[in-house]
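A quick write-up on the structure given underneath.
The values are calculated or read from the model by the stated rules, or taken from the named source; none is laboratory data. What you are looking at is a predicted structure, and each value in this text was computed from that prediction instead of being measured. A quick note on method: Cβ atoms are made from the backbone with ideal geometry, for glycine too, and the neighbour counts reach across all protein chains shown.
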Amino acid sequence: MTARVSIIMGSTSDLPVMEKAAQFLNDMEVSFEMHALSAHRTPEEVESFAKNAKGRGIQVIIAAAGMAAHLCGVIASMTTIPVIGVPINSTLDGMDALLAIVQMPPGIPVATVGINGALNAGILAVQILSVGDETLQKKLEDYKLNLKKKIVKANEELAKVSFEYKTN
């Protein structure tokens with residue numbers, strides 16, 4: 001099986017956040033790989049990864065970074081594969097990572113999800129892949145329908161909650 005998505009994190013300390021993307025990809029039956037790479041500590045490996053990803057069949061890269069969050073942008077600068085950045089809340093409530101990832105110069109885009117938003121990164125990766133894949137489109141439709149069903153059920157349960165001044 002060849003990976004279609006690559007999940008990259010600065011260190012394994014990011015795994016508790018990034019496993020949400022991995023679980024979603026797994027649930028959608030999308031093949032993926034996971035690596036720890038550092039723009040600052042292993043720059044040669046990052047360059048090799050980015051420049052060779054397309055040739056290995058990677059179609060979307062999800063990259064997570066905290067603190068000096070350069071990993072996503074460095075990867076994006078070396079490939080034409082879509083890169084989705086996940087800012088990690090490691091310092092400054094993750095705002096430093098968010099701003100570092102989202103403020104890319106013209107010509108080097110990184111699609112950026114919210115702080116610790118790995119699940120949305122996984123969903124976005126599948127949406128990108130689904131453009132030419134009707135099976136994935138159907139799985140996404142089912143996933144979103146289930147989200148709707150959860151809210152409908154939540155409202156039914158809230159209707160049963162009683163307070164003296166509650167009107168519904």
Q) If you scan region 60-73, which residues turn out to be in contact with a strand residue (DSSP E or B) (Cβ under 9 Å, 6 or more places away or on another chain) and over 18 Å from A22 (Cβ atoms)? A) A69, G73
Q. Does M78 satisfy the criteria of being in contact (Cβ under 8 Å) with a residue 24 or more places away in the chain, on the phi > 0 side of the Ramachandran plot and in contact with an Asp or Glu (Cβ under 9 Å, 6 or more places away or on another chain)?
A. no
**Q.** Only listed residue being over 18 Å from F32 (Cα atoms), of a type in the set (V, I, T) and crowded, with 18+ Cβ neighbours inside 10 Å, chosen from I88, I61, I108, I123
**A.** I88
(Q) Kindly evaluate G55 against the criterion of being assigned to a helix (DSSP H, G or I), farther than 18 Å from M18 by Cα, out of contact with any Phe, Trp or Tyr (no Cβ under 7 Å at 6 or more places or on another chain) and modelled with pLDDT of 95 or more. (A) yes
(Q) Where the second residue is part of a loop (DSSP other than H, G, I, E, B) and among the basic types (K, R) and the first is under 19 Å from V110 (Cβ atoms) and lies in region 29-51, which pairs have Cβ atoms under 7 Å and are six or more apart or on separate chains? (A) F32/R4
Q.
Filter region 1-17 down to the residues that are under 15 Å from V60 (Cα atoms) and in contact with a helix residue (DSSP H, G or I) (Cβ under 7 Å, 6 or more places away or on another chain) and list them by number.
A. R4, V5, I7, I8, M9
Q: Filter region 1-34 down to the residues that are of a type in the set (S, T, N, Q) and out of contact with any strand residue (DSSP E or B) (no Cβ under 6 Å at 6 or more places or on another chain), then identify the one that is surrounded by the fewest Cβ atoms within 10 Å (Cβ to Cβ).
A: T2
Q.
I need a count of the residues in region 58-69 that are part of a loop (DSSP other than H, G, I, E, B) and at pLDDT 95 or above.
A. 2
(Q) Let me spell it out: the conditions are (1) under 21 Å from Q23 (Cα atoms); (2) free of Cβ contacts under 8 Å to residues at least 24 places away in the same chain, and V113 meets all of them except one. Which number is the exception? (A) (2)
**Q.** Close pairs (7 angstrom Cβ cut-off, 6 or more residues apart or separate chains): free of Cβ contacts under 8 Å to residues at least 60 places away in the same chain and assigned to a loop (DSSP other than H, G, I, E, B) in region 151-168, surrounded by 10 or more Cβ atoms within 10 Å (Cβ to Cβ) and of a type outside the set (F, W, Y) anywhere
**A.** N168/A159
Q) Name the residues in region 14-26 that are of a type outside the set (F, W, Y) and touching a residue at least 60 places away in the same chain (Cβ under 8 Å), would you? A) D14, V17, M18, E19, K20, A21, A22, Q23, L25
